[in-house]
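What follows is a short report on a single structure.
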Amino acid sequence: MKRIWLAMLVVFGALFGGAALAQGVTLHISCGAVGQELTLCKEETQAWAKQTGNTVIVVSTPNSTTDRLALYQQQLGAQSDAVDVYQIDVTYPGILGSYFIDLSKYFSQSDLSNYIPAYIQNDQYEGKQIAVPWFADAGVLYYRKDLLQKYGYTSPPTTWAELTSMAQKIQAGERAAGNDKFWGFVWQGNSYEGLTCDALEWIYSYGGGTIVDPQGNITINNEKAAQALSMAASWVNTISPPGVLSYQEEEARGVWQAGNAAFMRNWPYAYSLGESADSPIKGKFDIAVLPKASTADGQHAATLGGWQLAVSRFSKHPAQAAALVKYLTSKDVEIERAVKGSFEPSWPSLYTNAQVDAAYPFFARLHDVFASAVARPSTATRDKYNQVSSAFWTAVHNVLSGQAQANQALGGLEQQLTRIKGAGW
Amino acid sequence: MQQTAVKKRTAKGELSLEARRARTAWLFLAPSLIVVLLVAGYPLYRTIQLSLTQTNLLQFPLKSHFVGLLNYKFLLQDSQWWDSVKNTVIFTVFSVSIETLLGLGIALLVNAKFPGRGAMRTAMLIPWAIPTVVSAQMWRWMYNDVYGVINDLMMKVGLSHKAYAWLANPKLMLPAVISVDVWKTTPFMALLLLAGLQTIPNELYEAGRVDGATPWQNFLRVTLPLLRPALLIALIFRTLDALRVFDVIYVMTGTNPTTMSMAVYSRQQLVDFGALGYGSALSVGIFVIIAIFVVIYVVSLRVEVD
């Protein structure tokens with residue numbers, strides 16, 4: 001009798017292969033390692049591995065988005081199956097889209113409608129859903145509650161003109177009070193991807209479009225965009241330090257967190273750092289939606305950041321990889337990530353979730369920010385996005401540093417973008 | 001005797017001694033030559049081959065088509081490339097000449113006998129020992145206009161009344177980057193020159209002193225001529241190194257056109273834009289420019305040796 005059972009087992013084993021009976025498949029996922037990212041990623045993937053009987057190995061990657069892109073390009077360009085699930089930046093879908101599988105096979109329309117629509121749109125490549133948003137990020141305005149109150153303001157500025165006059169008044173007052181290092185407004189003005197994010201917010205808030213529109217037309221050379229850039233150029237050396245033209249996120253935060261600025265444009269990550277125990281501005285600041293232009297068609301704008309999960313087309317186990325993506329971007333995991341690591345969920349409904357709000361009250365205000373989110377034109381410009389962005393930030397930097405007038409710089413930029421576009425994106 | 005013997009054998013159709021020697025020499029050289037061909041020759045060949053194509057690294061499947069000299073034609077008209085060449089040459093000329101002068105001064109100083117000389121020689125190497133990426137980031141913070149220590153010191157000492165934005169002001173950016181390179185690489189220059197100084201026998205200075213030469217005359221007539229070979233080698237090393245400059249500029253000012261070097265521009269095309277074809281053409285351009293400098297140096301060095 002025993003022998004018959006054994007024989008049947010052998011037959012079954014032969015029929016369904018080792019995988020069905022043994023430990024399942026092995027997946028590799030690339031996770032970021034900024035702050036708590038890596039720890040959380042390991043915990044979550046292990047939980048999934050335990051549930052499904054598969055094995056997940058976490059591969060850590062460089063922190064800088066440019067370096068990570070370079071690494072992915074090498075791996076994918078070599079058609080390597082070393083990584084199944086990639087954590088990709090919001091600008092990668094257009095650049096690397098041809099390397100990822102269509103996830104709409106695994107996610108239904110109603111599944112996808114749970115996520116912030118701007119991301120779902122951003123993560124499409126040639127009509128395919130090549131990625132699903134994991135956590136969100138967007139530009140926000142930080143302001144000093146204590147200083148606004150001190151100078152008689154009851155609410156944060158809603159227009160750029162208001163911000164400028166408030167910054168001037170506070171800066172003059174604080175300097176007269178003895179802090180000669182005090183500045184009104186700090187942001188990211190270095191010539192790099194961050195300047196593209198900041199400048200897109202100014203231009204979009206003036207109704208000046210998104211550099212290249214979703215149909216791929218070059219729209220940047222317009223009067224509203226020029227007005228927006230002239231406004232920003234007027235800040236340099238008046239309410240913003242001259243060195244702002246070399247600042248990235250961390251330099252801006254350096255000035256802000258030391259208590260030397262009234263306003264800052266930055267990403268939400270600076271919030272928890274500003275609230276840390278040894279921070280001089282702990283409890284003295286809050287965040288709001290970035291201001292808009294005072295004109296009739298002015299609108300709030302926040303450049304989208306954030307990270308997505310995508311499955312490599314070279315993966316040997318696309319179905320399991322897609323299941324892992326589905327698990328990691330599920331409601332429960334996103335709540336856990338928000339509470340444990342202050343990662344902004346990609347589910348809009350979670351910004352009013354009681355559990356999340358109890359841990360981070362400022363998340364409720366981010367809901368408005370994401371409502372005004374604007375994506376960089378990476379989907380439209382595809383693999384030429386980096387060239388477009390580089391040409392854009394260089395032109396903007398020239399205006400900010402006074403080497404060119406806004407109109408003239410935008411005209412030159414349009415020509416340059418036309419050349420980059422060539423026969424099409 | 002020997003000569004006639006050699007001639008005899010040659011007459012018989014055997015290899016002459018000279019030819020046999022040459023063959024043995026080639027045999028001994030072969031391993032190194034093969035290694036050089038593999039690690040230097042093949043990549044160079046591939047780069048030149050790629051530079052004649054239009055290849056986009058960012059597309060799957062990888063498409064590559066032959067375009068002849070189109071990339072080079074564009075390179076000649078590309079103002080960003082010529083700006084980066086200009087930046088690199090300015091960077092090289094200023095950094096290498098300042099480093100040589102300072103390095104020579106320091107080498108003379110630590111060549112003299114004084115208590116604590118060993119400790120001094122070790123300490124002076126510290127800037128050179130710190131990885132460039134680390135020290136460049138450090139300097140970036142020190143140059144900051146609001147919380148940077150350099151502005152703070154200058155204002156405290158009374159050198160200036162206002163804070164300078166070292167890495168934002170187009171006029172100050174390149175000088176700021178050059179001074180970091182000078183800070184970092186002067187020790188290397190000093191080390192090479194110190195080695196040269198130590199080969200000069202002391203008797204020559206004593207002879208000079210006996211003949212009544214002043215220290216200045218001793219320096220001009222004894223030290224400098226004898227140091228020349230070491231000086232030239234140090235100059236070649238540093239010039240070729242400076243022409244390839246990447247890390248200090250990339251970390252401090254990124255791809256800002258005001259300071260962009262040839263290597264930074266080529267990396268931007270190759271990595272950020274995935275333009276394998278044009279990026280390779282730029283790499284060949286860098287190769288040609290460095291080759292020009294090598295020829296200039298080698299010619300002047302040969303004149304020196306003769």
Item to check | All positions within segment A:100-124 that are acidic (Asp, Glu) and touching a strand residue (DSSP E or B) at 6+ places or on another chain (Cβ under 6 Å) | outcome: A:ASP102, A:ASP123
Next on the checklist: If I ask for residues that are among the hydrophobic types (A, V, I, L, M, F, W, C) and within 11 Å of chain A (Cβ to nearest Cβ), which ones from segment B:129-153 would you list?
Outcome noted: B:TRP141, B:VAL146
Next on the checklist: Looking at the structure I just gave you, is B:ARG228 of a type in the set (Lys, Arg), surrounded by 15 or more Cβ atoms within 10 Å (Cβ to Cβ) and either at pLDDT below 95 or more than 27 Å from A:TYR192 (Cα to Cα) (or both)?
Outcome noted: no
Checklist entry - Has segment B:41-63 got at least one residue that is assigned to a strand (DSSP E or B), loosely packed, with under 12 Cβ neighbours inside 10 Å and either in contact with a Ser or Thr (Cβ under 8 Å, 6 or more places away or on another chain) or within 14 Å of chain A (Cβ to nearest Cβ) (or both)? => result yes
Checklist outcome for this item: Scanning segment A:394-411 residue by residue, those in a helix (DSSP H, G or I), more than 12 Å from every other protein chain (Cβ to nearest Cβ) and either of a type in the set (Ser, Thr, Tyr) or surrounded by fewer than 21 Cβ atoms within 10 Å (Cβ to Cβ) (or both) turn out to be A:ASN407, A:GLN408, A:GLY411
Next on the checklist: Looking for something of a type outside the set (Val, Ile, Thr) and not in a helix (DSSP H, G or I) - is there at least one such residue anywhere in segment B:129-143?
Outcome noted: yes
Checklist entry - Taking the stated definitions as given, is B:VAL245 more than 14 Å from chain A (Cβ to nearest Cβ), at pLDDT 90 or above and crowded, with 20+ Cβ neighbours inside 10 Å? => result yes
Item to check | Elements of type strands (runs of 3 or more DSSP E) contained in segment A:27-145, each with 3 or more residues being surrounded by fewer than 16 Cβ atoms within 10 Å (Cβ to Cβ) | outcome: A:55-60
Checklist entry - Is it the case that segment B:166-176 has a residue that's within 14 Å of chain A (Cβ to nearest Cβ) and among the aromatic types (Phe, Trp, Tyr)? => result yes
Next on the checklist: Looking at the structure I just gave you, is A:ALA177 crowded, with 22+ Cβ neighbours inside 10 Å and either at pLDDT below 95 or farther than 24 Å from A:GLY306 by Cβ (or both)?
Outcome noted: no
Item to check | Filter pass, B:VAL271 being within 14 Å of chain A (Cβ to nearest Cβ), of a type in the set (Val, Ile, Thr) and touching a helix residue (DSSP H, G or I) at 6+ places or on another chain (Cβ under 9 Å) | outcome: yes
Checklist entry - Of all strands (runs of 3 or more DSSP E) completely enclosed by segment A:217-313, which ones contain at least 3 residues that are under 17 Å from A:CYS197 (Cβ atoms), away from every other protein chain (no Cβ under 14 Å) and out of contact with any Phe, Trp or Tyr (no Cβ under 6 Å at 6 or more places or on another chain)? => result A:302-311
Next on the checklist: Restricting to segment A:76-103, and then to whatever is out of contact with any helix residue (DSSP H, G or I) (no Cβ under 8 Å at 6 or more places or on another chain), modelled with pLDDT under 95 and more than 12 Å from chain B (Cβ to nearest Cβ), can you tell me which residue is farthest from A:HIS28 (Cα to Cα)?
Outcome noted: A:SER80
Checklist entry - Can you tell me how many residues in segment A:51-75 are touching a residue at least 24 places away in the same chain (Cβ under 8 Å) and either in contact with a Pro (Cβ under 6 Å, 6 or more places away or on another chain) or facing chain B (nearest Cβ under 10 Å) (or both)? => result 3
Item to check | Cβ pairs under 7 Å, 6+ apart, first in segment A:39-50 and touching a residue at least 12 places away in the same chain (Cβ under 8 Å) and in the same structural domain as A:TYR327 (by TED's automatic domain parsing), second among the aromatic types (Phe, Trp, Tyr) and part of a helix (DSSP H, G or I) | outcome: A:TRP48/A:TYR327
Next on the checklist: Residue pairs, Cβ under 8 Å, 6 or more apart or interchain, first in segment B:190-205 and under 17 Å from B:GLY103 (Cα atoms), second basic (Lys, Arg) and part of a helix (DSSP H, G or I). List them.
Outcome noted: B:LEU194/B:ARG121
Checklist entry - For segment A:335-348, does any single residue satisfy the condition of being closer than 25 Å to A:GLY298 by Cα, part of a helix (DSSP H, G or I) and assigned by TED's automatic domain parsing to the domain that holds A:CYS31? => result yes
Checklist entry - A:ALA310 versus (1) hydrophobic (A, V, I, L, M, F, W, C); (2) within 23 Å of the chain's Cα centre (by Cα); (3) not assigned by TED's automatic domain parsing to the domain that holds A:PRO93: which is the lone unmet condition? => result (3)
Next on the checklist: Out of everything in segment A:360-392 that is outside any helix (DSSP H, G or I) and of a type outside the set (Ser, Thr, Tyr), what residue ends up being farthest from the other protein chains (Cβ to nearest Cβ)?
Outcome noted: A:PRO361
Checklist entry - Hey, A:LYS169 hits all of (1) under 28 Å from the mean Cα position of the chain (by Cα); (2) without any contact (Cβ under 8 Å) to a residue 24 or more places away in the chain but one; which does it fall short on? => result (1)
Next on the checklist: Of all residues being closer than 21 Å to A:ALA319 by Cβ and not charged (D, E, K, R) in segment A:104-113, which is nearest to the other protein chains (Cβ to nearest Cβ)? Just the residue, please.
Outcome noted: A:SER104
Item to check | Positions within segment B:145-178 being within 22 Å of A:SER191 (Cα to Cα), hydrophobic (A, V, I, L, M, F, W, C) and touching a helix residue (DSSP H, G or I) at 6+ places or on another chain (Cβ under 8 Å), in sequence order | outcome: B:VAL146, B:ALA163, B:ALA165, B:TRP166, B:LEU167, B:ALA168, B:MET173, B:LEU174, B:ALA176, B:VAL177, B:ILE178
Checklist entry - How about segment A:376-393: which of its residues are farther than 13 Å from A:LEU195 by Cβ and either aromatic (Phe, Trp, Tyr) or surrounded by fewer than 23 Cβ atoms within 10 Å (Cβ to Cβ) (or both)? => result A:ALA380, A:ARG382, A:ASP383, A:TYR385, A:GLN387
Next on the checklist: Quick check on this structure: which one of A:VAL356, A:VAL325 is away from chain B (no Cβ under 14 Å) and closer than 30 Å to A:GLU275 by Cα?
Outcome noted: A:VAL356
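The values are calculated or read from the model by the stated rules, or taken from the named source; none is laboratory data. Being a predicted model, the structure only gives us computed values, none of them experimental. No Cβ is skipped: glycine too gets one built from the backbone with ideal geometry, and neighbour counts run over all protein chains shown.
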